[in-house]
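Visitor: Mind having a look at this structure? Questions to follow.
The values are calculated or read from the model by the stated rules, or taken from the named source; none is laboratory data. It should be emphasised that the depicted structure is a prediction, and the values quoted were computed from it without experimental measurement. Here Cβ is always computed from backbone atoms with ideal geometry, including for glycine, and neighbour counts include all displayed protein chains. SASA here: full protein model, heavy atoms, side chains in, ligands and nucleic acids out. Shrake-Rupley method; radii C 1.70, N 1.55, O 1.52, S 1.80 Å.
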Amino acid sequence: MYAMQYELTLPADYDMTIIHRRVAKGGHLLDDRAGLGLKAYVIRERGVDGSPVNQYAPFYLWNDAGAMARFLVGDGGFHNIVRDFGRPVVRHWTGIACHAGPGRVAFPRAASRRLVPIAAPGSGPDPAGPELAEGIERELAELREFARRDDVHTAALAFDPHHWQLARFVLWWDSATADEEATERYQVLHLSAPGLDRLPEGRAW
């Protein structure tokens, strides 16, 4: 499993109904995309849920790294983003765990992301640096607890060894207010989930 996201931060006076219409018109195009677990078409609107920005920030979970690469460099839809907004930085993480929540029976209307820096080796009491594995185990246990909440659709944890960071991404059927530690909260405009049932259940390593 691979997680991917790009963030298009838009002007403060940008009319976000343009993004709503864009997703309403074309969101279905990835509903049967081979290799894709899910794509959440998420936005932040300035002044909503404390967001300081207008932003379109789709989040993906891929079952196939090759399919992810083809999407980015081929004629698979991403070229439309490049054409209309320029080429964004695409963040990607190696998936660590994924859980289906009780709320998966409903369409998710909200999402949250929590980015956590990983301590450098030797920054803890043991200079040998076991903090990385221990920290990830704590995050895995917390993710399992999160996924048991009635309003959770899907909860995923992923790892970026470039910036040494963990990302927790959660889809909620109603709102993301239960995730008090979220660094970002989003509205979900559409969910393409052709490979949702093939995403790993539980830890992926």
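Visitor: Please enumerate the residues belonging to region 136-162 that are more than 20 Å from Asp49 (Cα to Cα), assigned to a loop (DSSP other than H, G, I, E, B) and in contact (Cβ under 8 Å) with a residue 12 or more places away in the chain.
Guide: Ala147, Arg148, Arg149, Asp150, Pro161, listed by residue number.
Visitor: Any residue that is hydroxyl-bearing (Ser, Thr, Tyr) and within 20 Å of the chain's Cα centre (by Cα) - is there at least one of those in region 37-54? It would help to see each step written out before you state the result.
Guide: Initial filter on region 37-54 (hydroxyl-bearing (Ser, Thr, Tyr)): 41, 51.
With within 20 Å of the chain's Cα centre (by Cα) added as a condition, the list becomes 41, 51.
Yes, because at least one residue in region 37-54 is hydroxyl-bearing (Ser, Thr, Tyr) and within 20 Å of the chain's Cα centre (by Cα).
Visitor: For the structure I just gave you, tell me whether Leu171 is open to solvent by less than 20 Å² (accessible area, probe 1.4 Å), under 12 Å from the mean Cα position of the chain (by Cα), of a type outside the set (Ser, Thr, Tyr) and at pLDDT 90 or above.
Guide: Numbers: open to solvent by less than 20 Å² (accessible area, probe 1.4 Å): yes; under 12 Å from the mean Cα position of the chain (by Cα): yes; of a type outside the set (Ser, Thr, Tyr): yes; at pLDDT 90 or above: yes.
It is true that Leu171 is open to solvent by less than 20 Å² (accessible area, probe 1.4 Å), under 12 Å from the mean Cα position of the chain (by Cα), of a type outside the set (Ser, Thr, Tyr) and at pLDDT 90 or above.
Visitor: Okay, next question. What's the number of the only condition in (1) open to solvent by 10 Å² or more (accessible area, probe 1.4 Å); (2) in contact with an Asp or Glu (Cβ under 7 Å, 6 or more places away or on another chain) that Asp32 fails to meet?
Guide: So Asp32 meets the others, but not (2).
Visitor: Tell me, yes or no, whether region 171-194 has at least one residue that is assigned to a loop (DSSP other than H, G, I, E, B), more than 24 Å from Ser51 (Cα to Cα), touching a strand residue (DSSP E or B) at 6+ places or on another chain (Cβ under 7 Å) and not aromatic (Phe, Trp, Tyr).
Guide: The first filter runs over region 171-194 and keeps only residues assigned to a loop (DSSP other than H, G, I, E, B), leaving 173-183, 193-194.
Add one more test, that the residue is more than 24 Å from Ser51 (Cα to Cα), and what stays is 193-194.
Filter once more, keeping what is touching a strand residue (DSSP E or B) at 6+ places or on another chain (Cβ under 7 Å): 193-194.
Restricting the remaining residues to those that are not aromatic (Phe, Trp, Tyr) gives 193-194.
Yes: one or more hits.
Visitor: I'd like the residue in region 64-98 that is of a type in the set (D, E, K, R) and in a loop (DSSP other than H, G, I, E, B) and, out of all such residues, is most open to solvent (accessible area, probe 1.4 Å).
Guide: First, pick out the residues of region 64-98 that are of a type in the set (D, E, K, R): 64, 70, 75, 83-84, 87, 91.
Those left that are additionally in a loop (DSSP other than H, G, I, E, B): 64, 75, 87.
Details: Asp64: 65, Asp75: 130, Arg87: 200 Å².
So, considering only residues that are of a type in the set (D, E, K, R) and in a loop (DSSP other than H, G, I, E, B), the one most open to solvent (accessible area, probe 1.4 Å) is Arg87.
Visitor: Okay, next question. Tell me, yes or no, whether region 36-44 has at least one residue that is among the aliphatic types (A, V, I, L, M), in contact (Cβ under 8 Å) with a residue 60 or more places away in the chain and touching a Gly at 6+ places or on another chain (Cβ under 8 Å). Can you show your working first?
Guide: We begin by selecting, within region 36-44, every residue among the aliphatic types (A, V, I, L, M); these are 36, 38, 40, 42-43.
Right, trim to in contact (Cβ under 8 Å) with a residue 60 or more places away in the chain and you get 36, 38, 40, 42-43.
Next cut, touching a Gly at 6+ places or on another chain (Cβ under 8 Å) only: 36, 38.
Scanning region 36-44, I find at least one residue that is among the aliphatic types (A, V, I, L, M), in contact (Cβ under 8 Å) with a residue 60 or more places away in the chain and touching a Gly at 6+ places or on another chain (Cβ under 8 Å), so the answer is yes.
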